[in-house]
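Reviewing the structure listed below.
The values are calculated or read from the model by the stated rules, or taken from the named source; none is laboratory data. This structure is a prediction, so every number in the text was calculated from the model and none was measured. Glycine also receives a Cβ, built like all others from the backbone with ideal geometry; neighbour counts cover every protein chain displayed.
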Amino acid sequence: MPDIRFNEAAYSALADESVLDCLLRHEQSIPHACKSGVCQACLVKAVDNDAPEQAKKALKPTLQAQGYALACQWVPDADTNVSLPSLNECSVAVRIRSIEPLNHRVVRVRLDVVDDNSMFEYFPGQYLTLSNAHGISRSYSIANNFAEDGCIELHVQKMPQGQFTEWLFSAAKPGDVLHVRGPAGDCFYTNAEQEDFPILLAGTGTGLAPLYGILHEALRQGHRGSIQLFHGGFTARDLYCVNELRELSMQYPQFRYHPSSLHAAEEGHGAVETGALDEVILRHLEPATLASTRVYLCGAPDLVHQLRKKIFLKGAKSSNIYCDPFIERRVAAAA
Ligand SMILES: Cc1cc2nc3c(=O)[nH]c(=O)nc-3n(C[C@H](O)[C@H](O)[C@H](O)COP(=O)(O)OP(=O)(O)OC[C@H]3O[C@@H](n4cnc5c(N)ncnc54)[C@H](O)[C@@H]3O)c2cc1C
Ligand code: FES
């Protein structure tokens with residue numbers, strides 16, 4: 001079995017075991033979250049050896065060229081030597097500007113970049129991976145355009161017993177410094193040819209964060225095609241930015257907003273459709289234009305995969321469907 005050298009010690013890997021799982025099994029502290037090659041929290045540097053393509057392919061070419069790889073995607077077939085990048089090596093320091101409630105369990109977090117010179121480019125809808133001072137790393141989608149607002153905006157939902165969100169909701173405060181890695185993801189608006197294709201945006205919970213970023217970017221760039229946003233919640237209390245999105249739909253005739261909840265909304269929430277998100281979307285689908293519609297689906301992984309299948313079967317082109325499943329941390333026995 002190959003040995004993995006890390007912090008001047010050698011750890012024997014099991015057959016088909018990733019570098020990450022091996023080091024976690026040996027109780028080494030390695031940042032990680034999704035274990036799926038998505039969040040990039042488990043970035044390591046290959047020392048005096050090269051990582052396999054599988055462990056590098058999700059990374060930017062500049063990171064690949066410097067020998068970085070994802071430990072969760074690296075199954076070594078020979079002895080391997082890895083080190084952890086220092087905080088400043090591949091991440092940017094950001095400072096919490098504000099944390100404001102958006103509903104009973106979602107907050108809007110605004111972040112400033114500590115050093116303006118280290119600001120990076122991103123498209124609204126992509127995601128960043130944040131690490132706090134306790135070494136916990138999680139990914140969050142970007143809900144705004146930095147050039148417009150001068151800060152990075154995230155929408156974060158509290159998870160019961162969630163390591164990162166418990167910290168964010170109970171201990172984090174303006175002024176705290178975090179480190180972000182990224183951006184990554186291909187859920188964003190581009191329209192170099194200025195075409196007027198229809199856009200369908202759908203998600204539940206904080207799946208709204210990337211959709212909100214994409215919507216504002218499309219409107220900012222003067223998108224002329226129809227834009228439909230479907231936001232679902234378990235109850236109407238789980239929705240957020242409802243009034244703002246309703247006002248936006250009055251301001252922009254091409255934009256239609258469809259808030260919905262699984263359970264009938266109590267009084268005081270305005271018009272909220274009742275039903276599962278997929279049923280609500282199917283009620284409003286326009287089959288005649290679906291082949292040219294660009295579809296963005298974000299949030300809970302099961303829902304995203306289910307919607308993708310249904311909308312594809314109704315006539316959307318697979319190449320026009322962009323998905324951002326919020327893959328949760330995989331808790332393995334060794335983790
Ligand atoms: C690409 C990407 C983008 C994301 N964007 C956002 C975003 O914009 N806003 C946002 O709020 N979250 C987003 N997430 C999810 C986020 O990264 C964390 O998984 C989430 O905040 C929970 O972290 P935690 O440390 O609090 O919980 P953990 O300690 O990781 O988990 C605690 C418990 O909650 C469960 N759990 C974790 N996440 C979920 C979930 N989504 N649904 C159901 N159960 C869950 C876990 O299985 C575990 O049992 C995104 C994830 C990915 C991969
Ligand atoms: S990419 Fe490896 S843990 Fe997320």
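Could you go through segment 159-176 and let me know if any residue there is in contact with a helix residue (DSSP H, G or I) (Cβ under 9 Å, 6 or more places away or on another chain) and surrounded by fewer than 17 Cβ atoms within 10 Å (Cβ to Cβ).
Within segment 159-176 (the criterion being in contact with a helix residue (DSSP H, G or I) (Cβ under 9 Å, 6 or more places away or on another chain) and surrounded by fewer than 17 Cβ atoms within 10 Å (Cβ to Cβ)), the answer is yes, since at least one residue qualifies.
Does segment 7-27 contain any residue that is among the hydroxyl-bearing types (Ser, Thr, Tyr), within 13 Å of ligand 2 (Cβ to nearest atom) and out of contact with any Pro (no Cβ under 7 Å at 6 or more places or on another chain)?
Within segment 7-27 (the criterion being among the hydroxyl-bearing types (Ser, Thr, Tyr), within 13 Å of ligand 2 (Cβ to nearest atom) and out of contact with any Pro (no Cβ under 7 Å at 6 or more places or on another chain)), the answer is yes, since at least one residue qualifies.
Filter segment 135-177 down to the residues that are more than 20 Å from residue 220 (Cβ to Cβ) and in contact with a Phe, Trp or Tyr (Cβ under 7 Å, 6 or more places away or on another chain), then identify the one that is farthest from ligand 2 (Cβ to nearest atom).
158
Condition test on residue 235, is it of a type in the set (Ser, Thr, Tyr), at pLDDT below 95, exposed (fewer than 14 other Cβ atoms within 10 Å of the Cβ) and at negative phi?
Here the answer is no, as residue 235 does not meet what is asked.
Scan the helices (runs of 4 or more DSSP H) fully inside segment 220-326 and keep the ones with 2 or more residues being touching a Cys at 6+ places or on another chain (Cβ under 9 Å).
Passing ranges, in order: 301-313.
Determine if segment 166-175 includes at least one residue that is of a type outside the set (Gly, Ala, Ser), more than 18 Å from residue 293 (Cα to Cα) and part of a loop (DSSP other than H, G, I, E, B).
Taking every residue of segment 166-175 in turn, at least one turns out to be of a type outside the set (Gly, Ala, Ser), more than 18 Å from residue 293 (Cα to Cα) and part of a loop (DSSP other than H, G, I, E, B).
Of the residues that make up segment 111-121, is at least one closer than 18 Å to residue 212 by Cβ and either part of a loop (DSSP other than H, G, I, E, B) or more than 16 Å from ligand 2 (Cβ to nearest atom) (or both)?
yes
Can you tell me which residue among 142, 136, 96 is over 28 Å from residue 224 (Cβ atoms), of a type in the set (A, V, I, L, M, F, W, C), outside the structural domain of residue 213 (by TED's automatic domain parsing) and touching a helix residue (DSSP H, G or I) at 6+ places or on another chain (Cβ under 6 Å)?
The unique qualifying residue is 136.
Would you confirm whether any residue within segment 206-215 is in the same structural domain as residue 285 (by TED's automatic domain parsing), surrounded by fewer than 21 Cβ atoms within 10 Å (Cβ to Cβ) and out of contact with any His (no Cβ under 8 Å at 6 or more places or on another chain)?
no
Would you please name the residue that is nearest to residue 138 (Cα to Cα), looking only at residues in segment 37-58 that are within 15 Å of ligand 1 (Cβ to nearest atom) and free of Cβ contacts under 8 Å to residues at least 60 places away in the same chain?
42
Can you tell me which residue in segment 135-158 is surrounded by the fewest Cβ atoms within 10 Å (Cβ to Cβ), limited to those that are away from ligand 1 (no atom under 11 Å from the Cβ) and modelled with pLDDT under 95?
147
Output the residues belonging to segment 55-91 that are under 30 Å from residue 240 (Cβ atoms) and at pLDDT 95 or above.
Result: no residue meets the conditions.
Using the structure shown, decide if residue 141 is among the hydroxyl-bearing types (Ser, Thr, Tyr) and in contact with a Gly (Cβ under 7 Å, 6 or more places away or on another chain).
When the stated conditions are applied, residue 141 passes them.
Any residue at all in segment 87-102 that is more than 25 Å from the chain's Cα centre (by Cα) and either assigned to a helix (DSSP H, G or I) or of a type in the set (S, T, N, Q) (or both)?
no
Select the strands (runs of 3 or more DSSP E) contained entirely in segment 5-72, then report the ones holding at least 1 residues which are closer than 23 Å to residue 325 by Cα.
43-46, 68-70
With respect to the numbered conditions (1) touching a strand residue (DSSP E or B) at 6+ places or on another chain (Cβ under 6 Å); (2) loosely packed, with under 15 Cβ neighbours inside 10 Å, which one is the sole condition not fulfilled by residue 9?
Residue 9 satisfies every listed condition except (1).
Is it the case that some residue within segment 66-86 is touching a helix residue (DSSP H, G or I) at 6+ places or on another chain (Cβ under 8 Å) and farther than 21 Å from residue 5 by Cβ?
No; the residues of segment 66-86 include none that is touching a helix residue (DSSP H, G or I) at 6+ places or on another chain (Cβ under 8 Å) and farther than 21 Å from residue 5 by Cβ.
In the set 313, 290, 282, which member is over 26 Å from residue 20 (Cβ atoms), assigned by TED's automatic domain parsing to the domain that holds residue 243 and crowded, with 17+ Cβ neighbours inside 10 Å?
290
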